[in-house]
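Presented below is the structure to which this report refers.
Computed from the coordinates by the stated procedures, all read-outs in this text should not be read as laboratory data. Values in this document were obtained by computation on a predicted structure and should not be read as measured data. We place every Cβ from the backbone using ideal geometry, glycine too, and count neighbours over all the protein chains shown.
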Amino acid sequence: MHSYEVEVKSLLGSEENAEMLRKKMQEIDPASHMTSKNKQLNHYFIGGSMDALVKASEGVVSPEAHTKLADLLTQVTNVSVRTRNKDGQVLLVAKVSVGDDTSSNGVSRIEFEETVDITLEQLDRVLLGAGFRYQAKWSREREEYSCRGLNVCLDKNAGYGWLAEFEKVVSDEAELPAARADIDAVMQECGVAELPQDRLERMFSFYNEHWPEYYGTDKIFTIQ
């Protein structure tokens, strides 16, 4: 069974705004707490085919995960493929949009994530050998919080600065509207606004064109 995630982003920019959100989460939910803190490298890929991804992942992920990925990819034509190093843990990631969203930055998505026993560079070579090519490489420091039944990520991203992601995972597509309503309510109480999809796409496109200038740095750009 596939899980569905609803993820809404809010651009915070500065450390001061990130700290304000931390305090606000504690105000609206005294049980709010940090669940993890890590550093990540995320490599995004384009090109290649779904068939190539299924074939390339065989023997790299577990048989159960391979079956799940193959089943997922038979249902879609658009998927965002990524590799990730999360504090030394290497993962193959695929995100599929639900509805009219893009798979790279959409609000409602099906997500596949599987740990592998090879290095990030080796996993990248598997995808490159299957016909994929780099779209961009991203670096970030992530803090994860639990707040009112949501997973809230505060990311210090190269290029973007501080960005908050409010996430809820459900097991049934029919539960997506209610999950979105829960996120909207928490964001409103926290006093943060959703980053519009069109602006997010412009930021994403700019970073993809200029990522070597930002990857692994604290440099930030502003795109309206």
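General remarks:
- Normalised contact order of region 4-214, rounded percent, pairs of Cα under 8 Å and 6 or more residues apart: 32
- Positive-pole candidate from GLN197, LEU69, ILE220, dipole of the chain, charges at beta carbon: ILE220
- Ranked by how many other beta carbons lie within 10 Å on average, peptides 143-154, 37-48, 191-202 from highest: 143-154, 37-48, 191-202
- Karplus 3J(HN,Hα) series, Hz, for region 152-165 with 6.51 cos²θ - 1.76 cosθ + 1.60 (x for Gly, Pro): 10, 9, 9, 10, 9, 9, 4, x, 8, x, 7, 9, 9, 10
- Reach of LYS95 by Cα under 13 Å, taken over aspartates and glutamates that are not fewer than 8 positions away in the same chain: GLU5, GLU7, GLU111, GLU113, GLU114
- Size of electric dipole in region 4-214: Cβ of Lys, Arg +1 and of Asp, Glu -1, about Cα centre, debye, nearest 20: 540
- Sequence-ordered 3J(HN,Hα) estimates for region 83-96 from the Karplus curve with 6.51, -1.76 and 1.60 and θ = phi - 60° stand at 10, 9, 10, 10, 6, x, 8, 9, 9, 9, 10, 9, 10, 10 Hz, glycine and proline given as x.
- When the listed pairs LYS68/LYS219; LYS24/LYS68; LYS24/LYS168; LYS24/LYS137; LYS55/LYS156 are checked against a 30 Å cut-off, the alpha-carbon distance exceeds it for LYS68/LYS219; LYS24/LYS68; LYS24/LYS137; LYS55/LYS156.
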